[in-house]
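The values are calculated or read from the model by the stated rules, or taken from the named source; none is laboratory data. What you are looking at is a predicted structure, and each value in this text was computed from that prediction instead of being measured. Heads up, the Cβs are rebuilt from the backbone with ideal geometry, glycines too, and the neighbour counts pull from every protein chain shown. Calculation scope for accessible area: heavy atoms of the full protein, side chains included, ligands and nucleic acids excluded. Shrake-Rupley method; radii C 1.70, N 1.55, O 1.52, S 1.80 Å.
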Amino acid sequence: MTQKDFIKGVDLSFVDEVETEGGQYYEDGKATDVLEILHRAGVNAVRLRLWHTPTGGYCNIDRTLSMAKRIKAYNMDFLLDFHYSDYWADPGKQAKPKVWENLSFDELVAAVYSYTKEVIEAFKKEDVIPDMVQIGNEITNGMLWEEGKIYKEKNAEKVENWDGIIPLIKAGLEGVQAAITENNQIKTMIHIDRGGDNPGSRKFYDQMEKFQLDYDVIGLSYYPWWHGPYQDFEANMEDIATRYQKEIIVVEVAYPWIVPDEIPEVDDAPDFREHLVPGYPATVEGQKAYLEKLIETVKQTPYNLGKGIYYWEPCWIPSKQEWSVGHDNNWSHLTLFDYEGNKLMGLDAFAKE
């Protein structure tokens, strides 16, 4: 395993679609392989999402394998993000893959185990075994709904239930372990979206402790417009490192480089302009400074438990109108490349030691 001392990572899940359908990336005005640009800038790890049977055709196992080979050619770490869905899985939606819709609960648990194991074995066969695996994506409210949903309603009252999600997470963790040998080590991550929410983080990871789940890394998302003021993020990092004594990776981060003419709608997010971190404007320079600050904050986590960040979709440039995910690109003001695919200054934040 090539686990880096500090992960300076990016999520490149849209790159395949961008490049396949005509998009291009540039450095100093010259068209260049985006992996080469990122590698030269100091990026040392890449995250890819995996959907079970996506209707859009991208982020399936075959295309993810192809991307993984490119990542490994640059000796970058590879984080595989199991969504356990055919589409986006996040706190607001965790739909089961269509082929699992009619399974009983026991059958669903077995499917998670066998699918996870088979996927890891497929990557191992192609010699691109992941360095780390996420068991679910932002599973704050559960996964594989309804069976794995934590917060439900019963008789018009909210009911909290962990009996569904825990066996499902365990099945994923055990599926990873079953696929590896003594020569292969894969770290496992459990990921929620509560980067600036200490009570929410503790509520979730206390349950992981209670049920004695055997995993390696706490994964958090932190976007200021969704997850609270920056000082709350700093305090949460300090507290959960002290409380759980586990490695922490802030596995989704982003910051705007421009205020677009029309503010995009992103999952009912509040206006990001009202949630910028003071002193860090939505400019190319402000984005770079913010990213440098964020990296330093994570590095200063107590007990040296802050192990890295992943920038979410820095390369999702607006190179086409209609996307396989069924909606517009609402993220191009948060990328590390401009609208035409030119490298921005913000990417240089990864070069700083």
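Here are a few things to note about the model shown:
- Accessible area of region 7-350 belonging to carbon and sulfur atoms, whole % at 1.4 Å probe: 45
- Highest to lowest packing among 10-20, 90-100, scored as the average C-beta count within 10 Å: 10-20, 90-100
- Converting phi to 3J(HN,Hα) with the Karplus coefficients 6.51, -1.76 and 1.60 and the offset θ = phi - 60°, region 23-37 yields x, 8, 10, 9, 10, 6, x, 10, 4, 9, 3, 4, 5, 5, 4 Hz in sequence order, with x at every glycine or proline.
- Each of the peptides 31-39, 126-134 was scored by the mean count of other Cβ atoms within 10 Å over its residues; in descending order, highest first, they stand as 126-134, 31-39.
- Remark: region 86-103, residue by residue, has Karplus-estimated 3J(HN,Hα) of 8, 8, 3, 10, 7, x, x, 7, 9, 6, 5, x, 4, 6, 9, 4, 9, 6 Hz, where x stands for each Gly or Pro and the curve is 6.51 cos²θ - 1.76 cosθ + 1.60 at θ = phi - 60°.
- Nitroxide proxy distance, nm - points 7 Å out along Cα→Cβ at D28 and Y339: 2.7
- By average C-beta atoms within 10 angstrom, highest first, the peptides 153-159, 215-221, 178-184: 215-221, 178-184, 153-159
- Cut-off under 5 Å, modelled amide H: who pairs with E247 long-range: I218
- Between I61, I139, I190, the GNM of the chain built on Cα springs shorter than 10 angstrom shows I61 fluctuating the most.
- Where N is the number of residues in region 7-350, Cα Rg divided by 2.2 N^0.38 Å: 0.95
- Rolling a 1.4 Å probe across the protein heavy atoms gives region 1-79 an accessible surface of 39 Å² per residue.
- Selected from G172, G228, G279 as most flexible by GNM, with the chain as the system and alpha-carbon contacts under 10 Å: G279
- The accessible-area ordering, largest first, of the residues T53, T335, T283 stands as T53, T283, T335, per a 1.4 angstrom probe.
- Once the convex hull of all Cα atoms in region 219-353 is built, its volume per residue stands at 114 Å³.
- Extension gain for A122-D261 works out to 45.6 nm (0.36 nm per residue, less the C-alpha to C-alpha distance).
- Low-density loop positions, GluC sites (Glu not before Pro), region 209-300 - DSSP coil, at most 16 other Cβ in 10 Å: E262, E265
- The length gained by stretching the chain between Y303 and D271 to full extension, at 0.36 nm per residue less their Cα-Cα distance, is 8.0 nm.
- Note on E157 and A73: the extension gain reaches 25.0 nm, defined as 0.36 nm multiplied by sequence separation minus the Cα-Cα distance.
- 3J(HN,Hα) along region 121-132: 5, 5, 5, 5, 4, 8, 6, 10, 4, x, 7, 8 Hz, from the Karplus curve 6.51 cos²θ - 1.76 cosθ + 1.60 with θ = phi - 60°, whole Hz, x for Gly and Pro.
- Residue-averaged [θ]222 nm for the chain, counting only DSSP H segments that reach four residues, each worth -39500 (n - 2.57): -10000 deg cm²/dmol
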